[in-house]
Amino acid sequence: MIDLHELVRYCDEVLEARRFRDAATNGLQVEGRSPVRRLAVAVSANRATIERAIEWDADALLVHHGLFWGDGLRAVTGFVRQRLRPLLAADVSLIAYHLPLDAHPELGNNAQLAFALGLEPVEPFAEVAGTPIGWIARATEPRALDELTAAVERQTERRPLVLGGGPPVVRRIAILSGSGASALQEAAAAGCDALLTGEARETTMALARELGVSVIVAGHEATERLGVQALARHLKATFGLEIAFLHDPNPI
């Protein structure tokens, strides 16, 4: 077990949270009881994951997508009230890390995707406010695009959408989880054969063809499960916490 505020300070340091200019509030979003013995983790904080964390008797819930974004909380009404109320009633903390948990070279979503697919992260990629959050990964041996796509399907447990444009055999792959289609031109400029991301735009299909880079669209939530899981394993090994991953599949 560990004191709540010590846990948050440790995560802040490990993830270098202060380096990021983020639209999200990183770190402690809702203060609950201390110490923390049981830590639930999920991709997103919503009523379902909050209620499941409370049912599991978690002391804290750690997520990638928290409740507070932008310039801060303006009103506790509607769905915000419905999400906050059970956390406060059960004295359960909410901790969230957005860009820091995308970018980390070992625990982050993008590095973890590379590892899971048998790829080696070799170069930071896709800057947000001056700080890269994605990774360019290398296949040690050239891999057929179809083979890589099948590996993505096994990892995410859903069939990805493939927008063809690049070569049938790939070696250099840009990885940017979530809403990463905007990085397609940067991936092309970096000499990548493919971009793996979560969501695409209407314009992505034509741009992929014209830039000669295939885009593997594997789901926003599905490409952002591994970071919270890796961080939870690290915290379990470091502090002896009990952990539970609350899987909440999302077709988006």
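The table below lists the values:
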quantity	calculated
Candidate set: the range 115-138, residues that are under 15 Å from Ala190 (Cβ atoms) and of a type in the set (Gly, Ala, Ser); chosen: the one surrounded by the most Cβ atoms within 10 Å (Cβ to Cβ)	Gly134
Scan of the range 194-207 for residues that are touching a Ser or Thr at 6+ places or on another chain (Cβ under 6 Å) and buried (at least 20 other Cβ atoms within 10 Å of the Cβ), ordered by number	Ala194, Gly198
Subset of the range 220-251 (residues that are surrounded by fewer than 15 Cβ atoms within 10 Å (Cβ to Cβ), assigned to a loop (DSSP other than H, G, I, E, B) and over 14 Å from the mean Cα position of the chain (by Cα))	Gly240, Pro251
First in the range 145-173 and free of Cβ contacts under 8 Å to residues at least 24 places away in the same chain and at positive phi, second anywhere and surrounded by fewer than 20 Cβ atoms within 10 Å (Cβ to Cβ) and not hydroxyl-bearing (Ser, Thr, Tyr), Cβ under 8 Å, 6 or more apart	none
Pairs where the first residue, in the range 87-102, is within 25 Å of Leu15 (Cα to Cα) and in contact (Cβ under 8 Å) with a residue 60 or more places away in the chain and the second is in a helix (DSSP H, G or I) and basic (Lys, Arg), C-beta under 8 Å, 6+ apart	Pro100/Arg19
Test: residue in the range 192-202 that is assigned to a helix (DSSP H, G or I) and either touching a Lys or Arg at 6+ places or on another chain (Cβ under 9 Å) or not basic (Lys, Arg) (or both)	no
Which numbered condition Ala40 fails, given (1) surrounded by 23 or more Cβ atoms within 10 Å (Cβ to Cβ); (2) of a type in the set (Gly, Ala, Ser); (3) assigned to a loop (DSSP other than H, G, I, E, B)	(3)
Condition met for Ala48 (at pLDDT 95 or above, small (Gly, Ala, Ser), closer than 26 Å to Gly219 by Cβ and not in a loop (DSSP other than H, G, I, E, B))	yes
Which numbered condition Ala187 fails, given (1) of a type in the set (A, V, I, L, M); (2) closer than 11 Å to Ile216 by Cβ; (3) in contact with a strand residue (DSSP E or B) (Cβ under 8 Å, 6 or more places away or on another chain)	(2)
Residues of the range 61-105 classified as assigned to a helix (DSSP H, G or I) and over 30 Å from Glu123 (Cα atoms), total	13
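The values are calculated or read from the model by the stated rules, or taken from the named source; none is laboratory data. Everything numeric in this text was worked out from a predicted model, so none of it was measured. Here the Cβ is made from the backbone with ideal geometry for all residues, glycine too, and neighbour counts use every protein chain on show.
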